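Asks: Mind having a look at this structure? Questions to follow.
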Amino acid sequence: MSGSAPGVRTRRSVLRLTGQNDDLFWYGRAVEALKKLALNDPTSWWYQAAVHGFPADPAGAGLQSAPLPPQQDRTTFWNQCQHQTAFFLPWHRGYLGCFEEIIAATVVSLGGPAGWALPYWNYSDTTNSNAPLLPAAFLNRDDGQGGVNPLWVDGRNVVQGVLQLDQDAVNLNCLTDGVFEGSSRGGDPGFGGPSTGFHHQAVSNGVFGMLESVPHNVVHDEVGGWMSDPDTAAADPIFWLHHANIDRLWEVWRNRNPAFVNPADPNWLTGQTFTLHGAQARVVRYQSADMVNTANVLHGYNYDDISDPLGAAQVAAQPPVAAMTAGPRPPPAMVGASATGIPVGAQGNNARIAINQTAHQAAIAALAPVHQPRAFLNIENVTGTGRTGSYKVYVNTPAAAGQPPLFAGMLSTFGIAKATRDSSHTGGSGGTTVLDITSLLDQLRRERNWDGGHLDVSIVPTDAARMMRAAPDTSLQIGRLSVYYH
């Protein structure tokens, strides 16, 4: 996957752009131009959004719905986004590269500079208090000149002129997972996701990788509107800045520890070929192996900042990566589960997991000789309708009812309605989110004299979720909660 555009570009933080004749300014101009192109033009805004996903009722969703390209083109180029898979990162990197090439060519056609690069939204930047705020350029409907701002989208979760992401929605705990390609059977799903084939939500009860869960999925939920549904998300201009940041975090992860490496598995490297359109509607084909070096992706690009936001101390504090990745690892072992069919209403819900002590001891005996066992909370078969937002997950011991629960992580419902529909490839079985609760169980034993018999779990909606659950067509259910050791 290579191109002939000018030398390597630098993607810059939108937090450091002013919108005055810079990459952000020209982004708005190019978006406006691409929105005027017809849906069947492969370089149009609407066609490029449909590559990610296209709803059954585009007009009802507020998208351009005609003229449709030929069915063969739709089959080949649309509805390709890779989720719940280790192809999530390389597929989206190629998608961003093709989009960036289209925007850059449009910028030049509008009289702008060569070498335009896609900005990124670093909402996790703790040095900037404005980082979790939707950038101002995307907030106003009026463009200030009597027209409509091309970066504005109706329906986002804007409250009194502000859209602020929850602080837990942008945490970067995913960067501490030293395994890229993980398990799809209850254990560590990996930083990049589990090993699968082509995976446009195509396997029953698919598992999200750590980076895809948080911050990727949760930011989609928190922004709301088109962003909260995979079939409409890429029509929101903030989508591309969000995904540029997710792509940047892949580079941050890879550079923060020499042992953090991309998969060497041939299935990941060359097992899947993806087909998209670049500038001038030329067809671009690529594999994951083409995506490992950003300098070789089409025109080539880098980021202005891939420094480690967590610091070296947090790298050293995690389990030895060599022990986690070398040699065969025993499969994940389930040691406890809740009752099935847990409804999650507008106020959330609580459930109890019973820990099987025999299974607990057997798992420890099998895993301890290989590496320090880790505990994972699986939120299984999450299904729902409508746009239901994100939820905070807490754990506690039955005996500690008077003490505050411990924050375990975030449950996102991004893509769950799609995975629930009978027409989806999952057969309506939804998706699974996995949370690493190793340190929390240690804390419960240390501070609350937990006997390991039961674990109480609370699911609590974020403020954005409460807003979204006000719609009458929303529902959410968890199939089961389980704990695995891996």
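Asks: For the Cα atoms of the chain, what angle does the longest principal axis make with the long axis of helix 357-367, in degrees from 0 to 90, nearest 10?
Replies: Helix 357-367 sits at roughly 60 degrees to that axis.
Asks: Same structure, new question: Give a residue-ordered list of calculated ³J(HN,Hα) values for the range 338-347 (Karplus: 6.51 cos²θ - 1.76 cosθ + 1.60, θ = phi - 60°; whole Hz; x for Gly, Pro).
Replies: 9, 5, 9, x, 9, x, 10, x, 5, 9
Asks: First compute the accessible area of the chain with a 1.4 Å probe, then give the percent of it belonging to carbon and sulfur atoms.
Replies: After summing per-atom areas, the C and S share lands at 51 percent.
Asks: A further question follows. May I ask you to order 429-441, 125-137 by the average number of other C-beta atoms within 10 Å around their residues, highest value first?
Replies: 429-441, 125-137
Asks: Would you be so kind as to identify which of 479, 67, 309 lies farthest towards the positive end of the dipole of the chain, taking Lys and Arg as +1 and Asp and Glu as -1 on Cβ and the Cα centre as origin?
Replies: Of the listed residues, the answer is 479.
Asks: If you restrict to DSSP beta bridges whose two residues both lie in the chain, what percentage is antiparallel, to the nearest 5?
Replies: Numbers: 49 of 59 bridges.
Roughly 85 percent of the beta bridges in the chain run antiparallel, per DSSP.
Asks: Would you mind counting up the charge near residue 256? Only other residues with Cβ under 14 Å from its Cβ, with Lys and Arg at +1 and Asp and Glu at -1.
Replies: With Lys, Arg at +1 and Asp, Glu at -1, the neighbours total -2.
Asks: In square angstrom, what is the accessible area per residue of the chain with a 1.4 angstrom probe?
Replies: For the chain, the per-residue accessible area is 38 Å².
Asks: Using DSSP to call loops (not H, G, I, E or B), can you name the trypsin sites (Lys or Arg not before Pro) in the range 68-172 whose Cβ has at most 15 other Cβ atoms within 10 angstrom?
Replies: Those that pass, being in a loop and sparsely packed, are 141.
Asks: Another one. Which of the following values of Cα extents along the principal axes in Å was calculated from the structure shown: [x] 74, 51, 37; [y] 72, 65, 46; [z] 68, 48, 46?
Replies: Matching the structure shown: [z].
Asks: Could you work out the local net charge near residue 83, counting Lys and Arg as +1, Asp and Glu as -1, over the other residues with Cβ closer than 10 Å to its Cβ?
Replies: Residues close to residue 83 contribute a combined charge of 0.
Asks: Cα convex hull of the range 1-98: mean projected area in nm², to one decimal? Write down the numbers at each step before the final one.
Replies: Details: hull surface 34.1 nm².
About 8.5 nm², averaged over all directions.
Asks: May I ask for the angle, rounded to the nearest 10°, between helix 238-256 and the longest principal axis of the chain, with both axes built from Cα atoms and the value confined to 0 to 90°?
Replies: 60 degrees
Asks: If you don't mind, another one. Summing -39500 (n - 2.57) over the DSSP H runs of n ≥ 4 in the chain and dividing by its residue number, what mean residue ellipticity at 222 nm do you reach, to the nearest 500 deg cm²/dmol?
Replies: -7500 deg cm²/dmol
The values are calculated or read from the model by the stated rules, or taken from the named source; none is laboratory data. What you are looking at is a predicted structure, and each value in this text was computed from that prediction instead of being measured. As a convention, Cβ positions derive from the backbone with ideal geometry for all residues, glycine included, and neighbour counts pool all protein chains shown. Note: accessible area is taken over every heavy atom of the protein model, side chains too, but ligands, DNA and RNA are not part of it. Shrake-Rupley method; radii C 1.70, N 1.55, O 1.52, S 1.80 Å.
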